[in-house]
Amino acid sequence: MRVFLAPMEGLVDGYIRELLTAVGGIDRCVTEFIRVTHGDLPPRVFYRFGPELQNGSRTRAGVPVAVQLLGSDVGQVALHAQKAVELGALQVDLNFGCPAKTVNKHKGGCVLMREPELMHALVAAVRAAVPADIPVTAKMRLGYDDRSMGIACGEALAAAGANEICIHARSKVDGYRPPAYWEEIARVRERVATPVIANGDIWSVDDYWRCREVSGCDDVMIGRGLVARPDLAVKIKASQEGRVVADMPWSGVVELLVDYCRTLQTFLEPRYATGRIKQWLNYTRRQYPEAEICWGKVKRANHPDAVCALLEASAEAWVPVKATA
């Protein structure tokens, strides 16, 4: 009953992975996708997206991190999978789920679900290119135009030798709009022998158990839910043991946000660092009323120092609340 941190493009970078895995409860992470086209990517690109490669492909908390590749050129994707392993990757993941228009326009991500035979070719090529003990996994949605391609694509990935298949329970057209169609994951899982991981709309412990019941999957992948509530994986693990743990206080969330903000300042221009920290703070508004209050002030700030000061002030005004699911 594992919990994985999803590879959220443009948000869950190596620094956030470090912070969230240090909180606990996360069994595995996946990097943001590395875009493979026709060029020969140098090692620095892999290290930029997966700094954990220089630490045995693990975060400082010891959580393994898979390297995710995105592309449609079979030979190039296989070549770069080999490179990732040579640089220390313990697992190679292929992206068939990204819904971004720019990515799909250039034949990457979810648009490949229109061509299950190409998905098969990509996974088979990567499986043949890397050592047998390196897991080759894939993340997909339920389809591109609608949710009708889940089974066909799942069967294609399984037949190609994928070790695991993670399914976001929506189509590309669905975007991130609720609901997540967990029952459709169950239909795919019933047709393949390959382990299936459920993903989509897990915001709470109750959501986790409902997803498991409906999808039939033992393992789940969580993205936005873990960004919004950094201790969600800890709470899920406790619930597996029949325990309830107190919520991380808002002051604890602020500590993470400020740590991230200070780190970003060391290598990003102020406006970009400010934008990234606002992005994370915006997600926490779903779970923390303190975040909603803080957001009203932070959204007008234009420098990381101002953001940090406002965050710390909001933590000082924090009042404990009871534990929830």
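The values are calculated or read from the model by the stated rules, or taken from the named source; none is laboratory data. Here the structure is a predicted model, which is why all the values come from computation and not from measurement. All Cβ positions, even for glycine, are placed from backbone atoms using ideal geometry, and neighbour counts span all protein chains on display.
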Residues in segment 188-242 that are on the phi > 0 side of the Ramachandran plot and in a strand (DSSP E or B): how many? 0
Residue by residue through segment 70-106, note down the ones that are buried (at least 21 other Cβ atoms within 10 Å of the Cβ) and among the acidic types (Asp, Glu). ASP93
Picking from VAL67, VAL12, VAL45, which residue would you name as being buried (at least 19 other Cβ atoms within 10 Å of the Cβ), of a type outside the set (Gly, Ala, Ser) and not in a loop (DSSP other than H, G, I, E, B)? VAL67
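Give me the residue from segment 107-116 that is farther than 15 Å from ALA6 by Cβ and in contact with a helix residue (DSSP H, G or I) (Cβ under 7 Å, 6 or more places away or on another chain) and, out of that set, surrounded by the most Cβ atoms within 10 Å (Cβ to Cβ).
Across segment 107-116, the extreme among qualifying residues is MET113.
Run down SER215, SER239, SER314, SER251 and say which single residue is touching a strand residue (DSSP E or B) at 6+ places or on another chain (Cβ under 6 Å) and among the hydroxyl-bearing types (Ser, Thr, Tyr).
Values: SER239 fails: touching a strand residue (DSSP E or B) at 6+ places or on another chain (Cβ under 6 Å); SER314 fails: touching a strand residue (DSSP E or B) at 6+ places or on another chain (Cβ under 6 Å); SER251 fails: touching a strand residue (DSSP E or B) at 6+ places or on another chain (Cβ under 6 Å).
Only one candidate passes the filter, namely SER215.
The rows are residues; the columns are (1) without any contact (Cβ under 8 Å) to a residue 24 or more places away in the chain; (2) under 28 Å from VAL63 (Cα atoms).
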position	(1), (2)
ASP231	no, yes
ARG243	yes, yes
MET248	no, yes
LEU256	no, yes
ASP259	no, yes
GLN279	no, yes
THR284	no, yes
LYS297	yes, no
HIS303	no, no
Considering only residues of segment 22-42 that are closer than 26 Å to ASP73 by Cα and touching an Asp or Glu at 6+ places or on another chain (Cβ under 6 Å), which is surrounded by the fewest Cβ atoms within 10 Å (Cβ to Cβ)? GLU32
With within 23 Å of the chain's Cα centre (by Cα), hydroxyl-bearing (Ser, Thr, Tyr), modelled with pLDDT under 95 and outside the structural domain of TRP203 (by TED's automatic domain parsing) as the only criterion, which of TYR283, TYR272, TYR260 stands out? TYR272
Residues that are under 16 Å from the mean Cα position of the chain (by Cα) and farther than 15 Å from GLY143 by Cα: does segment 179-196 have at least one? yes
Being within 25 Å of GLU52 (Cα to Cα), within 19 Å of the chain's Cα centre (by Cα) and either in the same structural domain as GLY150 (by TED's automatic domain parsing) or free of Cβ contacts under 8 Å to residues at least 60 places away in the same chain (or both) is true for just one of ALA100, ALA78, ALA66. Which residue is that? ALA66
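Taking into account only those residues within segment 168-201 that are among the aliphatic types (A, V, I, L, M) and more than 25 Å from PRO135 (Cα to Cα), which is surrounded by the fewest Cβ atoms within 10 Å (Cβ to Cβ)?
VAL173
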Under 6 Å between Cβ atoms, which residue pairs at least 6 apart in sequence (or on different chains) link something in segment 179-196 that is outside the structural domain of LEU142 (by TED's automatic domain parsing) with a partner that is modelled with pLDDT under 95? none
